[in-house]
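Engineer: Sharing a structure, written as structure tokens. Questions coming.
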């Protein structure tokens, strides 16, 4: 725990912005917007460098942090329970995907795990933007198959990635 604490505390705030520049964030937001015209899921991307001190002191895992953000960012409040959070924890080098009950009933958890591992591999190679864009494509394909767009498909969540 001490090693993790020191690693997070010594990571500067600008580190996450170096991995995801403004044009990367714009491209990711545009990909989310395009995705949501093809299926009824609401995708929210959250990118975090160092964890906040409280999360560190509570020894929150990336999965627990993602669960907290799922509520905080409103992903759990979609009317069809069709929200998806893609949480990127840069310091811990982990990705978590959480799907609300409307989607998790249709798409097996193993599908999300596969996408997470593919993103982590892309990030390890320094391909942050491509890793997220590929994940959005894969998520779109899964949702278009299991949760296709219909006439009433409001955009309930912000499409732009959230930098924490």
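Engineer: Looking at (1) within 18 Å of residue 48 (Cα to Cα); (2) at pLDDT 95 or above; (3) within 14 Å of the chain's Cα centre (by Cα), which one does residue 139 not meet, given that it meets all the others?
Structural biologist: (1)
Engineer: For region 31-74, which positions are in contact with a strand residue (DSSP E or B) (Cβ under 6 Å, 6 or more places away or on another chain), under 30 Å from residue 10 (Cβ atoms) and part of a helix (DSSP H, G or I)?
Structural biologist: 62, 63, 66, 69, 70
Engineer: Report every pair of residues separated by at least 6 positions or lying on different chains whose Cβ atoms are under 6 Å apart, first residue within region 82-101 and touching a residue at least 40 places away in the same chain (Cβ under 8 Å) and at positive phi, second part of a loop (DSSP other than H, G, I, E, B) and surrounded by fewer than 22 Cβ atoms within 10 Å (Cβ to Cβ).
Structural biologist: Filtered contacts from region 82-101: no entries.
Engineer: Sticking with this one: State all residues of region 63-99 that are under 17 Å from residue 32 (Cα atoms) and out of contact with any helix residue (DSSP H, G or I) (no Cβ under 6 Å at 6 or more places or on another chain); if no residue qualifies, say none.
Structural biologist: If the condition is that a residue be under 17 Å from residue 32 (Cα atoms) and out of contact with any helix residue (DSSP H, G or I) (no Cβ under 6 Å at 6 or more places or on another chain), then 73, 74, 75, 78, 84, 86, 88, 99 are the ones that fit.
Engineer: Please specify each residue of region 7-16 satisfying the condition of being out of contact with any helix residue (DSSP H, G or I) (no Cβ under 9 Å at 6 or more places or on another chain) and in a helix (DSSP H, G or I).
Structural biologist: Correct list: 7, 15, 16.
Engineer: Among the residues in region 112-126, are any more than 28 Å from residue 12 (Cβ to Cβ), in contact with a strand residue (DSSP E or B) (Cβ under 9 Å, 6 or more places away or on another chain) and surrounded by fewer than 15 Cβ atoms within 10 Å (Cβ to Cβ)? Please lay out each step first, then the result.
Structural biologist: Within region 112-126, the subset more than 28 Å from residue 12 (Cβ to Cβ) is 112-115.
From what's left, in contact with a strand residue (DSSP E or B) (Cβ under 9 Å, 6 or more places away or on another chain): 112-113, 115.
From the residues that got through so far, the ones that are surrounded by fewer than 15 Cβ atoms within 10 Å (Cβ to Cβ) too are 113.
The answer is yes, given that some residue of region 112-126 is more than 28 Å from residue 12 (Cβ to Cβ), in contact with a strand residue (DSSP E or B) (Cβ under 9 Å, 6 or more places away or on another chain) and surrounded by fewer than 15 Cβ atoms within 10 Å (Cβ to Cβ).
Engineer: Which members of region 144-159 meet the condition of being out of contact with any helix residue (DSSP H, G or I) (no Cβ under 7 Å at 6 or more places or on another chain) and either surrounded by 14 or more Cβ atoms within 10 Å (Cβ to Cβ) or modelled with pLDDT of 95 or more (or both)? I'd like the intermediate steps shown before the answer.
Structural biologist: The initial filter retains those residues of region 144-159 that are out of contact with any helix residue (DSSP H, G or I) (no Cβ under 7 Å at 6 or more places or on another chain), namely 144-146, 148-156, 158.
144, 146, 149, 153, 156, 158, listed by residue number.
Engineer: Please enumerate the residues belonging to region 73-92 that are more than 12 Å from the chain's Cα centre (by Cα) and under 12 Å from residue 48 (Cβ atoms).
Structural biologist: Narrowing region 73-92 to residues more than 12 Å from the chain's Cα centre (by Cα): 74, 76-82, 91-92.
Passing the criteria: 91, 92.
The values are calculated or read from the model by the stated rules, or taken from the named source; none is laboratory data. These numbers were taken from a predicted model, which means no experiment stands behind them. Heads up, the Cβs are rebuilt from the backbone with ideal geometry, glycines too, and the neighbour counts pull from every protein chain shown.
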